[in-house]
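Asker: Structure in structure tokens, see below.
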Amino acid sequence: MGGFEDDEPPSKRARASSVEPASLLDSFSCLKPAAPLGSTMARPLPSQGKEVMVGSKGVIKRDEFVRIITKALYSLGYEKSGAVLEEESGITLHSPTVNLFRRQVLDGNWDSAVVTLKKVGLLDENIVKSAIFLILEQKFLELLRNDNVMGAIRTLQSEITPLGVNKKRVHELSGCIISSPQHVLLGFSKLGIESSNSRLKLLEELQKVLPPTVMVPERRLENLLEQALTVQREACYFHNSIDGLSLYTDHHCGKDQLPSCTVQVLRAHRDEVWFLQFSNNGKYLASASNDKSAIIWKVDEDGELLLKHTLTGHDKPVMMVAWSPDDCQLLTCGMEEVIRRWDVESGKCLHVYEKSGIGLISCGWFPDGKHILSGLTDHNFCLWDLDGKEVDCWKGQRSSKTSDFAVSNDGKLIISMNRESTIRLFDRETKQERLIEEDNTITSFSLSEDGDFLLVNLISEAIHLWNIRNCPIRVNRYAGHKRSRFVIRSCFGGSEQAFIASGSEDSQIYIWHRATGDLIETLPGHTGTVNCVSWNPANPHMLASASDDHTIRIWGLKKANLKRKDVGSSNGIYANGNTPSNGVVHQCNGNSSK
């Protein structure tokens, strides 16, 4: 079991919406009584000037409620149902004036649309000007598209400019006049619309400017429901559901939604398991061991892990693994040795990366999948292309034995150790750096999926959460696990990465609520130090742990009569990782380059 003392090398421990068509706008004047629902259906009584409220708490205005439902029906394409609802309720979606205005916009009668807009009765002159600006901008662009340059110039000079609205945009429109036809299309794109569907999009833009009492906003009902579901989800302390939230019932997750039961034990490694990581798509798990091997496990459709390949060839213990962005390749890093790149499907070693006289102590992929990055024993970092050509090399950590590093999703930010208690955030474009300074030695760290947060493990038996979006700031602390000698790794996980999990030297896994910092679960089962944990990014109900007891445990939900599955010599997979059915041992002689 390796340690974290000064005299030891870094080791384990190192859909799209629609606007109701113009033909629909004409339907109200010729709409006949809704015969399909029967002539005996009761008509609502007029409110006689009083606000009619609906709902158990009496806080929802009936006319607003009906109009929003009507709008949703039209947006979903249920035109007949929307028309029937207007007829039955006596509440029209739009006033006759607004209906006329909408028809004029869709027909391209711009001057008439401006006149009608002024009859709607808007009191705020700024709103009126903003809406007229959008209409005249559309008129201007369509004139240019139809090669009516003089008409466009007149519109710009005598109609748009006098409004005194959005002078920057007026300047951009002026540029369209003296530019090529492609710039006219650019004008449409800057409006946020496609020229082929621009009038429908214009209506949506007008809906954003005009008061909702005039034109009900697009997708308003959907937005209200999404807000309600979001509030329920955020209020759910143990939210870890795979299925989406339902509108039929109030949402609530219990503690039973956390992966807290051992559902499988993987015994193919012959020594301490130091590191493991699920693939980005959650279909594979890779593990690294002191037995100088790495194993690729496949997650089948039933959630059971099957040994796919045992990767051998390293002369020293395998410290870590790293999945390529497309999960088709895997990197393995020996302790102060070399990095090997493997094909996941075949298990073949594709290349060996090494640097003369210098050991490699960490590995990772650049987001483009065309370069790999490694930390070196001389405290530098090296960037290679896939063929092994050294692309770049720069100074990294100064005195730390921790080899962890991370790269942001856009490849611009390199996160690495700077000193034993300092993490460096280096922007490769601006060459600027920011620092995270801790009071204690840092043993490992990991980056959140969105790249905005860093989870930092400390020698003081604490885990800190840092927001690194701008100036780094510590936002939470997690404690309770045990660490005295070894590198213990933690991870983000669960639905929306709402939880933090960590290994521990007391043979247990600890799970905290990310937002509150509360310790909510402790999982016993291992008989040795738990070195590393990994939460399946595609399945919040699956967690894996690696231990000095030579095993990997897969944790899932507690289910009645669930029988634990052990993958080892007892079911045909022998201690060295061989299996007569699906597991193959692959070796690399160290000379393979491709």
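Each value in this text was obtained by applying a stated rule to the coordinates, not by laboratory testing. Remember, it's a predicted structure, so these values are computed and weren't measured experimentally. Glycine also receives a Cβ, built like all others from the backbone with ideal geometry; neighbour counts cover every protein chain displayed.
Asker: Which far-off residues, 5 or more places away or on another chain, put their amide H under 5 Å from the one on L350, with H placed in the peptide plane?
Answerer: Residues meeting the criterion, in which the H sits 1.01 Å from N, are R341, W342, D343.
Asker: Trypsin sites (Lys or Arg not before Pro) within the stretch 388-470: which are DSSP loop residues with at most 11 other Cβ atoms inside 10 Å?
Answerer: K389, K431, R469
Asker: While we're looking at this one, here's another question. What pairs in K412/K482; K292/K355; K80/K139; K118/K208; K348/K412 have C-alpha atoms more than 26 Å from each other? Before the final figure, lay out the partial values.
Answerer: On the way: K412/K482 35 Å; K292/K355 20 Å; K80/K139 32 Å; K118/K208 17 Å; K348/K412 31 Å.
Among K412/K482; K292/K355; K80/K139; K118/K208; K348/K412, the Cα-Cα distance tops 26 Å for K412/K482; K80/K139; K348/K412.
Asker: Please work out whether the stretch 94-215 counts as rounded, prolate or oblate from its C-alpha gyration tensor, where a ≥ b ≥ c are the square roots of the eigenvalues and a/c under 1.5 means rounded, while otherwise a/b larger than b/c means prolate and anything else oblate?
Answerer: prolate
Asker: Among 376-383, 330-337, how do they line up from the highest to the lowest mean number of other beta-carbon atoms within 10 Å?
Answerer: Averaged packing, sorted descending, gives the order 330-337, 376-383.
Asker: Can you run phi through the Karplus equation (6.51, -1.76, 1.60; θ = phi - 60°) for the stretch 460-468 and list ³J(HN,Hα) in whole Hz, with x for Gly and Pro?
Answerer: 8, 6, 9, 10, 10, 10, 10, 8, 10
Asker: Please list, in order along the stretch 254-263, the HN-Hα scalar couplings obtained from phi with the Karplus expression 6.51 cos²θ - 1.76 cosθ + 1.60 (θ = phi - 60°), rounded to whole Hz, x for Gly and Pro.
Answerer: Values per residue, Gly and Pro as x: x, 4, 5, 7, 8, x, 10, 10, 5, 10 Hz.
Asker: Next question, about the same structure. Could you tell me the relative contact order of the stretch 94-215? Use alpha-carbon pairs under 8 Å, at least six residues apart, and round to a whole percent. Write down the numbers at each step before the final one.
Answerer: Details: 100 pairs, mean separation 35.4, N = 122.
Worked out over the stretch 94-215, it gives 29 percent.
Asker: May I ask you to evaluate 6.51 cos²θ - 1.76 cosθ + 1.60, the Karplus curve with θ = phi - 60°, for each residue of the stretch 200-212 and list the ³J(HN,Hα) values in order in whole Hz, giving x for glycine and proline?
Answerer: Values per residue, Gly and Pro as x: 5, 5, 4, 4, 5, 5, 5, 4, 6, 8, 6, x, x Hz.
Asker: Let me see the P(r) profile for the stretch 255-556: every Cα-Cα distance counted, bins of 20 Å, each bin given as a percent of all pairs.
Answerer: Calculated P(r), rounded to whole percents: 36, 61, 3.
Asker: Also, I was wondering about something else. Straight-line reach from K168: which aspartates and glutamates fall under 14 Å, measuring Cα to Cα and dropping same-chain residues less than 8 apart?
Answerer: E137
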